[in-house]
There are 2 protein chains.
Amino acid sequence: MQRRSFLKKASLGAVAGTATVAAPVFAQDAPTLNWRLASSFPKVLDTLFGASEQFAKQISDMSGGKFNIRTFPAGEIVPPLAVLDAVQKNTIEMGHSPAYYYFGKDPILCFDTAVPFGLNARQMNGWMYDGDGMKLMRDVFKAYDVVNFPMGNTGCQMGGWFRNEIKTVADLKGLKFRTAGFAGEVLSRLGVVPQQLAAGDIYPALEKGTLDAVEFVGPYDDQKFGFAKVAKHYYYPGWWEGGAQVSLYVNAGEYQKLPESYKAMIDVASRSTNVTLLARYDNRNAAALKNLIGQGAVLHQFPRPVLEASWDAATLVYAEMSAKDPKFKAVHDNYMGYRDAQVPWFRVAEGSYDGFVSSMLQKKK
Amino acid sequence: MQRRSFLKKASLGAVAGTATVAAPVFAQDAPTLNWRLASSFPKVLDTLFGASEQFAKQISDMSGGKFNIRTFPAGEIVPPLAVLDAVQKNTIEMGHSPAYYYFGKDPILCFDTAVPFGLNARQMNGWMYDGDGMKLMRDVFKAYDVVNFPMGNTGCQMGGWFRNEIKTVADLKGLKFRTAGFAGEVLSRLGVVPQQLAAGDIYPALEKGTLDAVEFVGPYDDQKFGFAKVAKHYYYPGWWEGGAQVSLYVNAGEYQKLPESYKAMIDVASRSTNVTLLARYDNRNAAALKNLIGQGAVLHQFPRPVLEASWDAATLVYAEMSAKDPKFKAVHDNYMGYRDAQVPWFRVAEGSYDGFVSSMLQKKK
């Protein structure tokens, strides 16, 4: 805290300094700032943690080195699940986190990341940037004194690694599955026993059989953990995150004090980081999946009856939450109405194009 | 030209001015600049022309009003197909244009926008931002004294409006189709007679029957032209542009003179505009398609034999161009190798997720 208050004073000094030399307008508007950003992701997830590093570099470069943001991986100054709290309390000015980590505070936050059978990555961008999504989620985050910006998407994730095959809905009964939040809530209706484990404990638990399955991210991140050796059945799709968005959180009070030029830089750099992170995942997942299959991973699609039972369980959970909380219902109805309007269009040009190219490449082989 | 040289002098004056007051480092690095950007798109295409307006506003906001870019719609100061030339000659500092407009100069430029059965929008971003795409396309644009930045994508376009149904490959023979560039080259192998018409001439030509069909963009843009009234058969997918990228061109000499902070702003704002433009199309196409169907448009997928014949014709054209030009072959092989590696991954999580959600929504109806 000492250090931070020192930095704050230093920044204020710099502002006063530029003002006294009758510098041009922009210089007056551009104080030297030293901010801190805590990520919910460890360094080993280089795409996700790298997104906050990229963002900080862009802001520094654009401001000519005056707006400095120091990034910290998960746990270094703030525990991964406490990032939202820390930004709210202004312990740090900024955080980078997926809002579904805070399902326990309020399930409504999950609409900022992903919910079961929700929007894919492009639809999420459509909802946030040109639909009602940004306005609705800004309203939600207001209660946490946070201004939020979409800043990354993983694309559709994988369903995870299973020691044994899932052939019927009954195979989910008693399954000790490392998952959490909204997915855990829905899966528990089908008999799954959700488990919370720190990343380092997953592999040994799978090996010993105290854990039956784990869902993580997608091929690029998953390959770093060697799950294929102890739970080779690799299922898709991760229907609880069809396009998981990660957001930048800025403390609302600190944000309001920024000059307009820095506010603009945050908005623009967050959008830039959003598209770049998805591009990195898309680019790297393809080769990683190939590697994983080479290492013994066996790809399976969840059987249709399992997907349909999950859809029904999700529908039930949505109805219960909507009945309990009108705010949840309002965001849910807007979000799902958006999905229902978008999916028929995505089926037309995009869907038929992707399907045709895919079928021709399969024929070529 | 007079006016421009005046603006240049004014800018230099401003730089000198800030230097003399011993302003802080950033102010010295941030000259006042007044640049011009010519778009290849008219104002009526508010998403595409709007992208350059958004970009200019972001740069102005981030620079505190010092880096000003005035945007001009197609034809106002530069004809739509002369934007690349104008940036090369430094008549204007910036342009916003799809490189496949310059097929006549060199077909290799089309890899910066879209080619038949090429990458979809997300794959294009993967190739450009995290694969070899940016390096390869920068090399291509070097010959035009241009530094290029991806700055927008339409997503997969529609196949266009046809007066009569296309039931077999034979129906393409003699078809007077408004299209151009790479698509025109491939379609001509199937007997199509490509036509170049200015936007304003399309509707009357379709009405009179001097034109049989037209391809334009997608539902949101197409609905502004009333094609449904004279050519109601609305085909998909637009296999010649599965994800059409539009790029920002910056005159290389002018770019090199910029301070590093402005260079960073251009890079970051172009990425931001890239994701925002696609989000706008995705958000607006769904409702527009519904409206068009209400107005009498009849949706058809191109019959599979027509798509397969087009695939074969494209393969032939790629082989011919590759045989003629090793530079074309090098970019083609990298781009198509990328597609071939990406598509099997996109089929797994994304494809199965989109397919399942789509099928459940159809069942719900």
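The values are calculated or read from the model by the stated rules, or taken from the named source; none is laboratory data. These figures come from a predicted structure and were not determined experimentally. Heads up, the Cβs are rebuilt from the backbone with ideal geometry, glycines too, and the neighbour counts pull from every protein chain shown. Ligands, DNA and RNA are stripped out before the accessible areas are found, and what is left, the full protein with its side chains, is counted by its heavy atoms. Shrake-Rupley method; radii C 1.70, N 1.55, O 1.52, S 1.80 Å.
Volume per residue for region A:21-174 equals 166 cubic angstrom (convex hull of Cα atoms).
The value of relative contact order for region A:26-116, using C-alpha pairs under 8 Å at least six residues apart, is 32 percent. Per the Debye calculation on chain B with a single equal scatterer at every Cα and no solvent contribution, log₁₀ I(q)/I(0) for q = 0.07, 0.08, 0.14 Å⁻¹ amounts to -0.34, -0.44, -1.22. Distances between copies at B:Leu316, taken between label points 7 Å from Cα along the C-beta direction, are 5.8 nm in increasing order.
For region A:336-353, the Karplus equation 6.51 cos²θ - 1.76 cosθ + 1.60, evaluated at θ = phi - 60°, returns couplings of 6, x, 5, 4, 5, 7, 7, 4, x, 6, 4, 5, 6, 6, 4, x, 5, 5 Hz by residue, with Gly and Pro reported as x. Rounded to whole numbers, the Karplus 3J(HN,Hα) couplings from phi for region B:190-207 are 9, x, 5, 10, x, 10, 9, 9, 5, 3, x, 8, 5, 4, x, 5, 5, 5 Hz, using 6.51 cos²θ - 1.76 cosθ + 1.60 with θ = phi - 60°, and x at Gly and Pro.
Shape call for region A:294-365 from the C-alpha gyration tensor, a ≥ b ≥ c root eigenvalues: rounded (a/c under 1.5), prolate (a/b greater than b/c) or oblate? Oblate shape, in that a/c is at least 1.5 and b/c is the bigger or equal ratio. On a per residue basis, the protein assembly as shown carries 36 Å² of accessible surface, using protein heavy atoms and a 1.4 Å probe. Among A:Ser52, A:Ser322, A:Ser40, the largest mean-square fluctuation in a Gaussian network model of chain A, built with springs joining Cα atoms closer than 10 Å, belongs to A:Ser322. The heavy atoms of B:Val268 present about 0 square angstrom of accessible area, all protein chains included, probe 1.4 Å. Annotation: amide H of B:Arg70 within the under-5 Å range of B:Trp35, B:Arg36, B:Leu37, sequence separation 5 or more or interchain, hydrogens built in the peptide plane.
The GNM of chain B, with springs linking C-alpha atoms under 10 angstrom apart, assigns the highest mean-square fluctuation among B:Ala143, B:Ala288, B:Ala252 to B:Ala143.
Spatial offset of region A:320-358 relative to region B:85-130 amounts to 32 Å, using the alpha carbon center of each. Under 15 Å from the Cα of A:Lys364, which aspartates and glutamates turn up, not counting those fewer than eight places away in the same chain? Partners within reach: B:Glu308, B:Asp312, B:Asp340. From the Kirkwood radius over Cα pairs of region A:244-285, Stokes-Einstein at 20 °C and 1.002 mPa s returns a whole-number translational diffusion coefficient of 182 µm²/s.
Report the B-A buried area as the accessible area lost on both sides summed, probe 1.4 Å, in Å² to the nearest 100.
On the way: alone 16850 and 16890 Å², together 26630 Å².
Chain pair B/A: roughly 7100 Å² of buried accessible area.
Angle of helix B:121-130 to the longest C-alpha principal axis of chain B, folded into 0 to 90 degrees and rounded to 10: 40°.
Each other copy holds its own label point for B:Ala287; taking that point as 7 Å from Cα along Cα to Cβ, the gaps run 4.2 nm, nearest first. If I histogram all Cα-Cα distances within region B:219-268 using bins 10 Å wide from 0, what percent of pairs lands in each bin? Answer for region B:219-268: a P(r) of 17, 28, 18, 20, 15, 2 percent.
Database remark: amide H of B:Gln195 closer than 5 angstrom to the amide H of B:Phe177, B:Arg178, B:Thr179 (H placed geometrically; neighbours at sequence offset of 5 or more, or on other chains; Pro and chain starts carry no H). Could you give the angle, 0 to 90 degrees to the nearest 10, between helix B:304-324's Cα long axis and the longest principal axis of the Cα atoms of chain B? The helix B:304-324 is inclined about 50 degrees to chain B.
For a distance above 22 Å, tell me the whole-number percent of Cα pairs in region B:145-275 that qualify.
Working: 4037 of 8515 pairs.
The share of Cα pairs beyond 22 Å in region B:145-275 comes to 47 percent.
Please compute the alpha carbon radius of gyration of the protein assembly as shown, then divide it by the globular-protein estimate 2.2 N^0.38 Å. Two decimals is fine. Present the calculation step by step, with values, prior to reporting the outcome.
On the way: Rg = 26.3 Å, N = 730, 2.2 N^0.38 = 26.9 Å.
Here the Cα radius of gyration is 0.98 times the empirical estimate.
Ligands, DNA and RNA left out, the 1.4 Å accessible surface of the protein assembly as shown is 55% carbon and sulfur atoms.
B:Arg189 label point (Cα plus 7 Å toward Cβ) to equivalent points in the other copies: 5.2 nm, shortest first. In region B:44-118 the Cα-Cα distances spread across 10 Å bins starting at 0 as 18, 41, 32, 8, 0 percent of all pairs. Dividing the mean sequence gap of close Cα pairs (under 8 Å, 6+ apart) by how many residues chain A holds gives a relative contact order of 21 percent.
Amide H contacts of B:Gly218 (H built 1.01 Å from N, in plane; Pro and chain starts excluded): B:Met158 sit under 5 Å, all sequence-distant by 5 or more or on other chains. Return one number: the angle in degrees, 0 to 90 and rounded to the nearest 10, between the long axis of the Cα atoms of helix A:133-142 and the longest principal axis of the Cα atoms of chain A. Tilt relative to chain A: about 70 degrees.
Multiplying each eigenvalue of the alpha-carbon gyration tensor of region A:72-111 by 5 and taking the square root yields semi-axes of 18, 11, 8 Å, largest first, rounded to whole angstroms. Report which residues of region A:43-81 become buried by 50 Å² or more of accessible surface when going from the isolated chain to the complete set of protein chains (1.4 Å probe; DNA, RNA and ligands ignored). The answer is A:Met62.
In sequence order, region A:227-243 has phi-based couplings of 4, 4, 6, 10, 8, 6, 7, 10, 9, 9, x, x, 5, 8, 8, x, x Hz under the Karplus curve 6.51 cos²θ - 1.76 cosθ + 1.60, θ = phi - 60°, and Gly or Pro positions carry x.
Pop out a list of residues from region A:278-295 that are at least 40 Å² less accessible with all the protein chains around than in their chain alone; 1.4 Å probe, no ligands or nucleic acids counted. Buried on complex formation: A:Ala279, A:Asp282, A:Asn283, A:Ala286.
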